[in-house]
Amino acid sequence: MNNKSTSYKRLYVSDISCASCVNTIETALKSLPGVDEVEVNFADRTVNVSGNAAEDVLIKAIAGSGYTACLVEDNTQDSDKENQELAHYKELLKKTIVAGVISLIIIAVTMLDLLPDLTTFKGQFSWGIVSLLSLFVLVYSGGRFFTGALKSFKNHNANMDTLIAIGTGVAWVYSTFVVIFPDSVSEIARHVYFDTATLIIAFINLGSALEMRARGKTSEAIKRLIGLQPKTARVLRDAQEVDIPIDQVLLDEVIRVRPGEKIPVDGELTEGSSHVDESMLTGEPIPVSKKVGDQIVGGSVNKSGSFLFKATHIGKDTALSQIIEMVRKAQNTKPEIGRLADKVSSIFVPTVMIIAVLTMFVWFNFGPDPKLTYILVTTVAVLIIACPCALGLATPISVMVGVGKAAEYGVLIRKGDALQKAGQLTTVVLDKTGTITEGKPVVTALEPSDGSSEEKLLRIAASVEINSEHPLAEAVVEASKEKNIELSTIESFEAISGHGVKAIYQQKTVLLGNRKLMQDNDVNIGELGGRSEELSKLGQTVIFVSLDGQPLGLIGISDPIKTDSKEAIQRLQEIGIKVVMLTGDNRATAQTVASLVGVDDFIAEVLPQDKADEITKLQEKGEKVAMVGDGINDAPALAGADVGFAIGTGTDVAIESADITLMRGSLHGVADAVAISKATLRNIKENLIGAFGYNTLAIPIAAGILYPFTGILLSPIIAGAAMALSSVTVVTNANRLRWFKP
């Protein structure tokens, strides 16, 4: 899947604390030679790097910017990462309890007035003990904020840790100064704020723990996919069946699968038959019949018979491994709306610090006495309440859930931009063969010319078409096999794009293709023309065959329409999307298929190389266009569309030309993708409006804008609780997507 020049590395950075960290790490890595693309996911604490830079260089660069990174290579390390996060969650809870208990003790002795006055020696001694208890909370429960702030300072950055460390640190330093030098402060300003510092730390740790727990649920799609992989495989070695770890399975090794077992790796069935549940790939619950020669996919479940199969893809090359990797990459990509949030977040912390300084200035010059008290309360409240965690989480957390939800429905999204754009589509263009139709054409009519016969027509046509990979060619060859017709070797073969083929058969020139090919070569098709019109009106594709300039006959080929194509097209139309069919087939056949499935418009007789031009024409009219095709013949059109949907085949998941791969080959996948995209985009907007709105309202209130009118100031303790709650709210809202059903 990767090559040397564009390798892909995934790193875990445990100490990313806010959206400002994202910008710092991205900037540090993008400056390195050999780095093509960097995507940091604050929600998942991971970094995806594309390019040929060595992993130790990447880790060193991240360390240089003040963070600790390690390489994540496989699913085992994913489990290790999960264990680390669980341990961190428990540690956060412990630190929350310590900070909370000490805070309650301090609040109790303060409210009950249990300690002597500060101006007495006993009072100073008693409050000195409280100061030390508070310092213990700051070091034990809040130490990570201070070390994070110090790292940021050394690297000339500022982040969430900076705001929390300054806010709680200032509260503790001021309070300790009052305890040691009470007479240096006017009586009206002689207040201590140890409970403020400790409670803020308690609330923020609790918020982080709750956020981490909720965030863990967003990656359940990946966990489920990883859980599909069995741990062992039963292989045939030295005429015996032995169970071995799945990572020890070799290519071409023969493996036994019994009823109810998961298939360990991808392969080809060599003995026996069964029905296999491939819903993990396609979202389709009905088991698929498998016989000798059929491909089977690792992670799917054998429902009935026992069988043997040969391993064709193992390790990272299996379809399931590629799906996991694709989902991971997509979860780390950012839609355009997310990049806007990142830009705002990157300047947010410095802006907050400027606002905090301005708050101090205003209260110092215009505030009532005791000025120091008001300055402390408002400045600390501004620093604490404005932490941009919610803003940084707003987009990535929703993208993670949305991409995972799409994967459950057999829709693999490769890019965050595709997730956003799919919800903005106005036109969907559908290729006909293999997209609207089954892509398994069969010969339904043989019409030989005078002097010829069905056998001769089919023998010559199949002898030529056996050299072609086109689905129509396969239908002709298959028909010759059914009639047991012996084929001949041809002397030359030339494909004429969009028209057909030219070959030399027994020293005679054979032309096989559409009416245009016959016209270009001056072949008079005579009465065959009328018959071809009749077959076309029935939805059949017609192939003319000529031998040395004389018509030999025609072959009618029918490709059945998928049973759910019409229903899926109606779903798209119901949400206001125009559906257009694009095909190289003749106009009469195209019109028949178009009327049967109910598309809004169709474009026929389009050469493969011209399909992208048709997409461009629609875009020039202002349409947001999706192209749905097989990912190979339609590659230029898929790449040129605003969103390219590739119809997958179960194992062919790495279709580079498309933005989205539909695993089950049904057009319902397009409708599902659009619905999930709209829901995800709506969720992101809710999160961003909530996060922006929270900070827009909270900062002025924390700065004291309501004080002149109401006499009310926002307590820094409430600010800490509100900041923690905002992050939890964003993550909880994103998790609502997990219950969404298109």
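The values are calculated or read from the model by the stated rules, or taken from the named source; none is laboratory data. Bear in mind that the values here come from a model prediction, so they are computed numbers and not experimental data. All Cβ positions, even for glycine, are placed from backbone atoms using ideal geometry, and neighbour counts span all protein chains on display. Note: accessible area is taken over every heavy atom of the protein model, side chains too, but ligands, DNA and RNA are not part of it. Shrake-Rupley method; radii C 1.70, N 1.55, O 1.52, S 1.80 Å.
Things to note:
- Each listed q (0.18, 0.29 Å⁻¹) maps to a log10 I(q)/I(0) for the range 570-616, found by the Debye formula over equal Cα scatterers with no solvent: -0.57, -1.02.
- Modelled label positions at Y8 and E55, each set 7 Å beyond Cα in the direction of Cβ, lie 1.6 nm from each other.
- Of K415/K678; K60/K316; K329/K678, those spanning more than 18 Å from alpha-carbon to alpha-carbon: K60/K316; K329/K678
- Here the spin labels are modelled as points 7 Å beyond Cα on the Cα-Cβ line, and at F366 and K94 they lie 4.9 nm apart.
- Separation in nanometres of the label points that stand 7 Å from Cα toward Cβ, at E567 and R258: 3.7
- Split the accessible area of the range 584-716 by element, probe 1.4 Å, and carbon with sulfur accounts for 58%.
- 16 Å cut-off, amide nitrogen to a point 7 angstrom out along F177 Cα→Cβ, residues in the range 150-170: 166-170
- Here r is the Cβ-Cβ distance between Q424 and E482 and R0 is 60 Å; the resulting FRET efficiency, rounded to 0.05, is 0.80.
- Average accessible surface area per residue within the range 107-156, 1.4 Å rolling probe, Å²: 63
- Compactness of the chain as Cα Rg over 2.2 N^0.38 Å, two decimals: 1.24
- Applying the criteria of a DSSP loop state and at most 11 other Cβ atoms within 10 Å to the trypsin sites (Lys or Arg not before Pro) of the range 535-593 yields no site.
- Pairwise Cα inverse-distance average, inverted: Kirkwood Rh of the range 286-369 (Å): 19.1
- For the range 433-459 and the range 703-723, distance of Cα centres in Å: 80
- Estimated 222 nm signal from helices in the chain, with DSSP H stretches of n ≥ 4 weighted -39500 (n - 2.57), rounded to 500: -16500 deg cm²/dmol
- A straight chain from Q240 to N524 at 0.36 nm per residue would run longer than the Cα-Cα distance by 95.7 nm.
- Alpha carbon centroid spacing (whole Å) that separates the range 98-123 from the range 570-600: 77
- Accessible area of the range 284-362 belonging to carbon and sulfur atoms, whole % at 1.4 Å probe: 69
- Using the Karplus relation 6.51 cos²θ - 1.76 cosθ + 1.60 with θ = phi - 60°, the per-residue 3J(HN,Hα) values for the range 257-268 come to 10, 9, x, x, 8, 7, 6, x, 9, 6, x, 10 Hz, with x marking Gly and Pro.
- Computed FRET value (nearest 0.05) for L538 with E686, which takes r as the C-beta separation and R₀ as 60 Å: 0.75
- Nonpolar atom fraction for the range 133-245, defined as the carbon and sulfur part of the 1.4 Å probe accessible area, stands at 63 percent.
- For the range 439-522, the solvent-accessible area works out to 57 Å² per residue, with a probe of 1.4 Å and every protein chain left in place.
- For the range 354-402, accessible area per residue (1.4 Å probe, heavy atoms of protein chains only), Å²: 32
- Efficiency of FRET between V101 and K343 - r from beta-carbon atoms, R0 35 angstrom, step 0.05: 0.30
- Probe 1.4 Å - accessible area at H275, Å² to nearest ten: 90
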